[in-house]
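What follows is a single structure, written as structure tokens, with notes after it.
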Amino acid sequence: MNWNEELLEKIEVDNIKNLEEKKKVAEKVAGKVKDNQTIGFGSGTTSYLATIAIADKVKKENLKITAIPTSFEIKMLCTYLDIPTANLSERKPDWSFDGADEVNSSNWLIKGKGGAMFKEKLNIINSPITYILIDNSKRVSYLGEKNKVPVEIYPDAINYVKEELIKLNAKEITVRQAVNKAGPVITENGNLILDVSFKSITQTLEKRIKSISGVLESGLFIGYNVEIIEYKN
Ligand code: 5RP
């Protein structure tokens, strides 16, 4: 039995930066959808717009797809838009899409402003290809130019992890704070997020962060199988 439609939460995101550019790349990725595919859905505002564009295409062309969402809000949006969802233990993606906060010339990424980088990385490593959708503000000449690196950690490990991050040349470490709740952001996995700036980001940094006990995942994506879909005038 389906829930009464009026009860379904309508996920709305206001004040999206670079809205027109994001809508264009969302349309482009929707053009890649084919019948019977399982697709990994990223998180963030670009992925939100891509989800809407894909739902439109699926409806118009009467396609059947399954989404593997990377966050609670994208899962709810899929439910609202009538896109069936599954998780990675049930299905493997034919391909995925996602946004990014920074992309350098080697297509290394910083992600995780939305705090969903753990599931986002799982989708990417389980997909033959992931399309990264970016507007003009996301290209940088070096990683860390505009954004800190988010690191999701088990709460009790906070001091140990900070100590180890300082050994990896962390310059500044802040605990991400919630906006409409007192205290820190708690991720969907029950963890904290540290936002960390480093003196420099080298090829081995992602693995070195990941090897610290207490770290679940970081927002560094170095050397993954991604293709960038970029807004061009
Ligand atoms: C969420 C992410 C997002 O993909 C990234 O923050 C980009 O967001 P937006 O599309 O809103 O600019 O990594 O964890």
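Please compute the contact order of the stretch 149-219 in relative form: average sequence separation of alpha-carbon pairs under 8 Å and at least six residues apart, divided by the residue count, as a percent. Averaging sequence separation for qualifying contacts and normalising by length gives 49 percent for the stretch 149-219. Rounded, prolate or oblate for the chain? Axes are the square roots of the Cα gyration tensor eigenvalues, ordered a ≥ b ≥ c, and the cut-off for rounded is a/c under 1.5. Prolate. Phi angles of the stretch 55-72 translate, via the Karplus equation with coefficients 6.51, -1.76, 1.60 and θ = phi - 60°, into HN-Hα couplings of 4, 4, 5, 4, 5, 4, 9, 6, 8, 10, 9, 10, 9, 10, x, 9, 8, 4 Hz per residue; Gly and Pro are given as x. In the chain, Cα pairs under 8 Å separated by at least six residues give a relative contact order of 21 percent. Gain on full extension, evaluated as 0.36 nm per residue between Thr202 and Asn2 minus their Cα-Cα distance, stands at 67.0 nm.
For a paramagnetic label modelled on Asn233 (point 7 Å from Cα along Cα→Cβ), amide N atoms under 15 Å away belong, within the stretch 131-161, to 136-137. Between Ala67 and Ile39, Thr85, Ala86, the built amide H atoms are under 5 Å apart, and every one of these is 5 or more places off in sequence or on another chain.
Per-residue SASA remark: Thr204, around 80 Å² accessible (1.4 Å probe; ligands, DNA and RNA not included). In percent, rounded to a whole number, the relative contact order of the stretch 8-121 is 29, using alpha-carbon pairs under 8 Å and six or more apart.
Note on surface exposure: Glu73, Glu90, Glu6, Glu206 rank Glu6, Glu90, Glu73, Glu206 by accessible area, highest first, 1.4 Å probe.
Which percent of the accessible area of the chain is formed by carbon and sulfur heavy atoms (probe 1.4 angstrom)? Of the solvent-accessible surface of the chain, carbon and sulfur hold 48 percent.
Looking at the stretch 166-205, the trypsin sites (Lys or Arg not before Pro) that sit in a DSSP loop and have at most 14 other Cβ atoms within 10 Å of their own Cβ are Lys181, Lys199. Simple point charges give the picture: +1 on the Cβ of Lys and Arg, -1 on the Cβ of Asp and Glu, and for the stretch 149-219 a dipole about the Cα centre of about 220 debye.
In the context of the full set of protein chains, the chain has a per residue accessible area of 54 Å² (1.4 Å probe). Between the listed residues Gly40, Phe221, Phe97, the Cα displaced farthest toward the positive end of the dipole of the chain, a dipole computed from Cβ unit charges relative to the Cα centre, is found at Phe221.
Measuring between their Cα centroids, the stretch 1-68 and the stretch 102-169 lie 23 Å from each other.
The values are calculated or read from the model by the stated rules, or taken from the named source; none is laboratory data. Here the structure is a predicted model, which is why all the values come from computation and not from measurement. Using ideal geometry, Cβ is built from the backbone for each residue, glycine included, and neighbour counts are taken over all protein chains shown. With ligands, DNA and RNA removed, areas are computed over all heavy atoms of the protein, side chains included. Shrake-Rupley method; radii C 1.70, N 1.55, O 1.52, S 1.80 Å.
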